[in-house]
Amino acid sequence: MQTEPRQGEIRCLRDSVESHYDSLAFLYRAFWGEHIHHGLWTTPDEPLRGAPERLVEYLSRRACIERGERVLDVGCGYGAAGRWLASRLACDVTGITISAGQARVAKRRNARETRAGSTSVVRADAVRLPFLGRAFDVIWVIECIEHLAPAGKERFFQESARLLRPGGRLALCTWEHGDVTPGRDGSQPGRLVAEVSDRFLCPSLASAAEYTAWCEAAGLAVSWSEDLTAKVERTWDVLLKRVRRPWLQWLKPWVSPTTRRFVEGFPVIREAYATGAMKYGLLIAEKRRSTA
């Protein structure tokens, strides 16, 4: 039985995540550019350039996104995925983020580009989405709901079912734990997952089975589930090489403890992938047409 988090705990977590993305914006953009999520390599010889966009394209194909659809991008970051969907598929994209800094950058960049579709950004919480029911054809999420407690994750799927039209799809890429009991079994995999969760502000990592169960309970039928770990884990080889650059090493004594702890977590997450303690999952779920 899930224990409902207290309002103070929810507010503290939300504030911590917002502060994290606002304070580390320069690092995210320096390391990885506009997209602050994993890259994708479907073949060994694919270049680093364009890897984050390849993940966006891959998810859009798996979700069968059609031209002109209404998309809600939850945890939109700097709005790069939304601009891709609007430019390539003429989608009307609404992005949400709790970060004031991300919202400012996304709005500025949205205003500079001409697209076939439209883009907008709203500051909002993923568990309290300020939209009317059946407002969207697709709810799009890349690496956001890791920051929610288990009860918040469950509520997110309920919100998704409320906001999707019948037959609409949820398109999700997310960090998952492997076949361990995170932080409880005393094993090396369990400790790795617990450390990743702590360093990257994730109250917990869920399993693929838990995500499927939350979808089903909310009235969303899973149509596709895939382990993308082998296609995305190279991301952390790239990031580790970048943080070892001399100029970043020179800056290390001057950065905040929070920033240092974040960067020092890169080898931990790489090891978690390598040992199978952590996985990277893709999930597509459709709102049942009989669901109210």
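The values are calculated or read from the model by the stated rules, or taken from the named source; none is laboratory data. Fair warning: this is a prediction, and the values are worked out from it, not measured in the lab. Positions of Cβ are generated from backbone atoms using ideal geometry, with glycine treated the same way; all protein chains shown enter the neighbour counts.
For this structure, a couple of remarks:
- The single condition among (1) at pLDDT below 95; (2) under 14 Å from THR94 (Cα atoms); (3) crowded, with 19+ Cβ neighbours inside 10 Å that HIS147 does not meet is (2).
- The residue pairs whose first member lies in the stretch 164-179 and is among the hydroxyl-bearing types (Ser, Thr, Tyr), whose second member is part of a loop (DSSP other than H, G, I, E, B), and whose beta carbons are closer than 7 Å, counting only pairs six or more residues apart or on different chains, are THR174/GLU143.
- Which listed residue, of SER204, SER225, is in a loop (DSSP other than H, G, I, E, B) and either under 21 Å from TYR273 (Cα atoms) or not aromatic (Phe, Trp, Tyr) (or both): SER204
- Filter result for PHE131 (within 27 Å of ASP227 (Cβ to Cβ) and at pLDDT 95 or above): no
For (1) touching a helix residue (DSSP H, G or I) at 6+ places or on another chain (Cβ under 7 Å); (2) crowded, with 22+ Cβ neighbours inside 10 Å; (3) not in a helix (DSSP H, G or I), each residue gets a yes or a no:
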position: ARG108; (1), (2), (3): no, no, no
position: VAL122; (1), (2), (3): no, no, yes
position: PHE131; (1), (2), (3): yes, no, yes
position: LYS153; (1), (2), (3): yes, yes, no
position: PHE156; (1), (2), (3): yes, yes, no
position: ARG165; (1), (2), (3): no, no, yes
position: LEU172; (1), (2), (3): no, yes, yes
position: TRP175; (1), (2), (3): yes, yes, yes
position: ASP179; (1), (2), (3): no, no, yes
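- Only one of the numbered conditions (1) within 19 Å of the chain's Cα centre (by Cα); (2) part of a helix (DSSP H, G or I); (3) surrounded by fewer than 21 Cβ atoms within 10 Å (Cβ to Cβ) is violated by TRP41, and that is (2).
- Some residue of the stretch 62-74 being more than 14 Å from the chain's Cα centre (by Cα), assigned to a loop (DSSP other than H, G, I, E, B), surrounded by fewer than 18 Cβ atoms within 10 Å (Cβ to Cβ) and on the phi < 0 side of the Ramachandran plot: yes
- Number of residues in the stretch 181-219 that are surrounded by 18 or more Cβ atoms within 10 Å (Cβ to Cβ), modelled with pLDDT under 95 and of a type in the set (Ser, Thr, Tyr) equals 1.
- Residues located in the stretch 133-151, provided they are more than 15 Å from the chain's Cα centre (by Cα) and assigned to a strand (DSSP E or B): PHE136, ASP137, VAL138
- Residues that are assigned to a helix (DSSP H, G or I), small (Gly, Ala, Ser) and under 16 Å from the mean Cα position of the chain (by Cα) do not occur anywhere in the stretch 183-196.
- The residues on offer are SER120, SER87, SER99, and the sole one that is among the hydroxyl-bearing types (Ser, Thr, Tyr), modelled with pLDDT under 95 and over 23 Å from LEU228 (Cβ atoms) is SER99.
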